[in-house]
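The values are calculated or read from the model by the stated rules, or taken from the named source; none is laboratory data. Because the structure is predicted, anything quoted here is derived from the model rather than measured. Note: ideal-geometry Cβ built from the backbone for every residue, glycine included; neighbour counts use all protein chains shown.
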2 protein chains.
Amino acid sequence: MIPGPHTRNDGSCAFVVWAPTANTVELQIESPRPSRLPMKRDRSGYWQVLIPNTHPGTRYRYVLNDSLTRPDPASRYQPQGVHEASSVFDSSSFTWTDSAWRGIPLRKMVLYELHVGTFTREGTFDAVIGRLAELKELGINAVELMPVAQFPGRWNWGYDGVYPYAVQHSYGGPEGLQRLVDACHRAGMAVILDVVYNHIGPEGNYLADFGPYFTSRHMTPWGPALNFDGPESDDVRTFFIENALYWLKDFHIDGLRADAIHAIYDASPQPFLRELNARVAEFAREDGRPRYVIAEDHWDDPRVITPGECLGLGFDAVWCDDFHHSLHTLLTGENTGYYADYGEISHLVKCYREGFVYTGEYSHWMGRRHGRSSAHCPPEQFVVYTQNHDQVGNRLSSDRLCNRVSFEAAKLASGAMLCSPYVPLLFMGEEFAAGTPFPFFVDYSDPKLNEAVRSGREREFARFTWGGTIPHPKAEETFRSAPLRWEERTQGHHAVMLRYYRTLLALRREHAALGVAERSSVETTGDDQKKVIWMVRRAERERLLVAMNFSAVELSVTPPLDKVSWRVLLDSAASEWNGPGTLLAPVSTGEGLRLRPWSIALFILE
Amino acid sequence: MIPGPHTRNDGSCAFVVWAPTANTVELQIESPRPSRLPMKRDRSGYWQVLIPNTHPGTRYRYVLNDSLTRPDPASRYQPQGVHEASSVFDSSSFTWTDSAWRGIPLRKMVLYELHVGTFTREGTFDAVIGRLAELKELGINAVELMPVAQFPGRWNWGYDGVYPYAVQHSYGGPEGLQRLVDACHRAGMAVILDVVYNHIGPEGNYLADFGPYFTSRHMTPWGPALNFDGPESDDVRTFFIENALYWLKDFHIDGLRADAIHAIYDASPQPFLRELNARVAEFAREDGRPRYVIAEDHWDDPRVITPGECLGLGFDAVWCDDFHHSLHTLLTGENTGYYADYGEISHLVKCYREGFVYTGEYSHWMGRRHGRSSAHCPPEQFVVYTQNHDQVGNRLSSDRLCNRVSFEAAKLASGAMLCSPYVPLLFMGEEFAAGTPFPFFVDYSDPKLNEAVRSGREREFARFTWGGTIPHPKAEETFRSAPLRWEERTQGHHAVMLRYYRTLLALRREHAALGVAERSSVETTGDDQKKVIWMVRRAERERLLVAMNFSAVELSVTPPLDKVSWRVLLDSAASEWNGPGTLLAPVSTGEGLRLRPWSIALFILE
């Protein structure tokens, strides 16, 4: 049973809501013509009523036990926010123009994570459309939207959404999202949507009034966990699985990024997440083009990306924080909080070789042995990034990497990501070394909640030595500091960085040996003394060498290769990238190389 | 690091206790010569001190932060109960006489579950020894002891133990257990020990004073869960894994039965239970004889018995409640509580064929889809029973099956279990149709706790329609009603039942086609109308037919076989088993069979 209002061709609308513990449920139509209608319960606790002549835009709520009046948990649209009436939306009325769209294989994706509310000053889906051509030109072929489910207040990162099926009204609502996806597809770009199935935001969350969506058997950082394995959990699963399918089917979304699956507790033999992935895969098969589900997970657990038939969860890929942390510590020297677990050349080398860095070793941050080897998992299952919303925003000063390290080191970071055998993800603005921060912002109506968020973050940051005070998440200026300043991208070092990213992404497309690869075609070695990493990448017809200098000094080094001749494809230290100038001969047959501090050089071997 | 006091050959004793959050820990020796000694902390939070000339029997406690005085969580002996001082025990001083013991393969085991406190009137290990010859004669080759860890009060089932390493003093303490295991081995019997790694009993539980043994992230029916995947969980795991190895090594135990693993929460990539099983397997390899770990689990999850390398938990076998419930409902007609999910011939047939009955179907009891197919799991991984401590004791009247159904039906039940391809488990006394109940009993010192247990059970039983009031778990007469009355076994129907069990167990040994088998050698069919189940079992040289009539009427039935001739091996309806008399010809070539109500017949085919 799919929850929500379902408009039909004959103009009627079937309202379906799951409320297994209610004695009565009524549909209260608030406009255009107020009325209150009884609903009928089925055996599983779904209440239904069919209303003829129901126009999209009809406003309604449900009345539980003749006493509680609540918006629809499966509302498709909340035009006046999380506390007001739900609105009927007819997803089938949109005229799609993407029939030629065939999707993009995951291994070919270059992901670009963006927050609709701050990607542009307008903060809307339509404003995103206006920027797609530029993203395309940059080399992006997959836009990843931070969550768009209806959240409380005027702005939010999206992880406090309370109506998983309703598209944030201020972004442009559900039709706005359909327009954006359609435009992306016409531009040859996939759309990945971030979905939050681990908790429901704290304000406007009325789910518990309807049924056992939550269980006190497990606690998440946000309170009682969603009930995925207890009594009545089948229908809680249905609520979220149908949500996933709603995006894929009614919005033509190409894939989902499942937020923080480590906070989803489920000990059942057929876990919710495995079921979710199986249902998405089944839909993709029937629909005839690929769909993906990518996990965020903090366990470093290869089970996440192991097929369901082999007792895995069956995700297509997983975000690899280990790559970020290994790289970030080498570049910044930060060594507190979770960064204490990283900082050696060997960490990043292991990440290039295997994926997860923690494969059973003791983690000081976790306070226990952590992770399991992913050396057997194909590289296309790992998404890597030099920054993302978390790694920028969940820092005290919310500063991007490019504003934390030198321009040289920032270029090295981008190269380290884009020359990896993994699926790269850029965070909006990193391509032009955006000067704007990406602070955490909320806009709850309850002052206590806003303060709890602030103090919670203060506690979270206490294990880092960042110093200073955090910008108040509720302060309007905090939000106002976030929107990208697109004018930057034509100026000075911003413009150089943009050109540098374009060049790297073009190299990645042009060279078969770059991009996502088989493990056997990549060899990585490191020198902890000299702080150098070498990577040799092979394709059928070509061989590339990547040299990275993670030290602040100029180095003379010898590639770990038999004597070969090479041609320089790129040196991040070159003056064209505002660097101190390359020390490499354009073409050479020799033993030694001279690498500038914090530089990456890319060679094609003869 | 192994926690506890470790006596050495030179007479010294190394005291080791894990207390990572303590600022100071001191060893307080209370006898023979009182003293208080500082201990030294290592990096992982283990505190140690080596004391020369420490005799077994030395009484001690630990003083935490100069303020809390507590017994040792890893105490080997609590001669005065859970609240008093711990006592040094030297496990190496026992003189073992079982060097010829080579163990018994799991698939050959006939398990006999017993509760030391009520198996005999004496309630001691030594009194159990006195009964071993009889068990052996019955056909038992593996004694399964209900938990023996030190519990609060004078009597307890054992699941409220609070010192996992200390053997209950009133049973005879650790030396008593060593004597029992040694005697079992000399008698050719293995010993399986029930261990509780899902919670610690409510009285005398001082573990939280020492360290983060518990986590509030997960709640069990008994309170906050043990911390197996959070910060500091490595050493919580060590505490229990070393406990398992302690039994195998120092007590020569042949296997463990892990209680209620569904209440062990652990989302880590390398779960505690997988680690436990790997460590036990490693020990068994080194030690040169088999050791087993058998799970109690409520998920019907084949992952439990899947090897660790394949992302399973790696248990050797699992208790199969589905067998019990399928059988029990057919025999009793009970259909409330969890029995509502069973009651069809097809349930028992599926259990014979695959193991788990619930393989994704909706369970009314669980309120959700339940289980996953175990059809690929070898039969030796399933332990089946017509009753056990739970299925007898966790009923309102604590009545055994033989006192709930007719003598004919009780014999049918035993046959259904002993002709199954699974590992059978008998519950003490069932072999002579014991008249004594096995009620739940506790003996807490806190009246509130005793009342909470009583009312908790009342709530638990509310979903069944058993009626009446439960015997008060704390009442002395409740406990006193439980000890087996061994004199019964020579009298009337008790003696018949004992002879019947002996005969069945002998048949099982004598016929290669009976006993644990490959799935391919067993064919089971059922007739829901007639309430008949047929089972054909094959071995290299023989073929057996089992016919079971689960109806209250006499039936004329045709075996699902081509015309063959057969010889009757056993008919439970025969007058020698106090039955109404067999209707089967001893040897026959024919089409039809006549089965008495509630009877089982066993044939060898020509």
- prompt: With respect to A:SER346, is the statement that it is away from every other protein chain (no Cβ under 14 Å), more than 30 Å from B:ASP235 (Cα to Cα) and in contact (Cβ under 8 Å) with a residue 60 or more places away in the chain true?
  reply: no
- prompt: Do you know which residues across the stretch A:274-283 are away from every other protein chain (no Cβ under 11 Å) and either more than 21 Å from A:PHE251 (Cα to Cα) or surrounded by fewer than 19 Cβ atoms within 10 Å (Cβ to Cβ) (or both)?
  reply: A:ALA278, A:ARG279, A:ALA281, A:GLU282, A:PHE283
- prompt: Is it true that some residue in the stretch B:25-37 is crowded, with 19+ Cβ neighbours inside 10 Å, of a type outside the set (Gly, Ala, Ser), assigned to a loop (DSSP other than H, G, I, E, B) and not assigned by TED's automatic domain parsing to the domain that holds B:GLY204?
  reply: no
query: Somewhere in the stretch A:511-526, is a residue more than 21 Å from A:ASP562 (Cβ to Cβ) and not in a loop (DSSP other than H, G, I, E, B)?
result: yes
- request: Restrict the check to the stretch A:465-474 and report whether at least one residue is of a type in the set (S, T, N, Q) and part of a loop (DSSP other than H, G, I, E, B).
  value: yes
Leading residue by the ranking (nearest to A:LEU226 (Cα to Cα)) among those in the stretch B:202-229 that are part of a loop (DSSP other than H, G, I, E, B) and away from chain A (no Cβ under 12 Å): B:TRP222
query: Across the stretch A:349-378, which residue is farthest from the other protein chains (Cβ to nearest Cβ) among those that are surrounded by fewer than 24 Cβ atoms within 10 Å (Cβ to Cβ) and part of a helix (DSSP H, G or I)?
result: A:VAL349
field: The lone exception for B:ARG541 - which of (1) out of contact with any Gly (no Cβ under 8 Å at 6 or more places or on another chain); (2) part of a helix (DSSP H, G or I); (3) surrounded by fewer than 16 Cβ atoms within 10 Å (Cβ to Cβ); (4) not hydrophobic (A, V, I, L, M, F, W, C) it fails
entry: (2)
- prompt: Which of (1) away from chain A (no Cβ under 14 Å); (2) more than 22 Å from B:GLU430 (Cα to Cα) is the odd one out, the single condition B:CYS402 does not satisfy?
  reply: (2)
field: Those residues of the stretch B:175-201 which are in a helix (DSSP H, G or I), within 25 Å of B:PHE438 (Cα to Cα) and touching a Ser or Thr at 6+ places or on another chain (Cβ under 7 Å), in sequence order
entry: B:GLY176
query: Restricting attention to the stretch A:317-335, which residues are in a loop (DSSP other than H, G, I, E, B) and more than 17 Å from A:ASP390 (Cβ to Cβ)?
result: A:GLY333, A:ASN335
field: Residue count for the stretch A:467-480, restricted to those that are in contact (Cβ under 8 Å) with a residue 60 or more places away in the chain, within 25 Å of the chain's Cα centre (by Cα) and surrounded by fewer than 19 Cβ atoms within 10 Å (Cβ to Cβ)
entry: 0
message: Name the single residue that is nearest to A:ALA506 (Cα to Cα) among those in the stretch A:397-448 being surrounded by 24 or more Cβ atoms within 10 Å (Cβ to Cβ) and of a type in the set (Val, Ile, Thr).
response: A:VAL423
message: I'd like to know if the stretch A:98-108 contains one or more residues that are buried (at least 22 other Cβ atoms within 10 Å of the Cβ) and either outside any loop (DSSP other than H, G, I, E, B) or touching a His at 6+ places or on another chain (Cβ under 8 Å) (or both).
response: yes
- request: Go through B:THR582, B:THR589 for me and flag whichever is out of contact with any Lys or Arg (no Cβ under 6 Å at 6 or more places or on another chain), buried (at least 19 other Cβ atoms within 10 Å of the Cβ) and free of Cβ contacts under 8 Å to residues at least 60 places away in the same chain.
  value: B:THR582
message: Any residue at all in the stretch B:417-432 that's touching a residue at least 40 places away in the same chain (Cβ under 8 Å), more than 22 Å from B:TRP319 (Cα to Cα) and outside the structural domain of B:ASN335 (by TED's automatic domain parsing)?
response: yes
- request: Could you tell me whether the stretch B:243-266 includes any residue that is away from chain A (no Cβ under 11 Å), touching a residue at least 40 places away in the same chain (Cβ under 8 Å) and β-branched (Val, Ile, Thr)?
  value: yes
message: Looking at (1) within 14 Å of chain B (Cβ to nearest Cβ); (2) more than 18 Å from the chain's Cα centre (by Cα), which one does A:HIS298 not meet, given that it meets all the others?
response: (2)
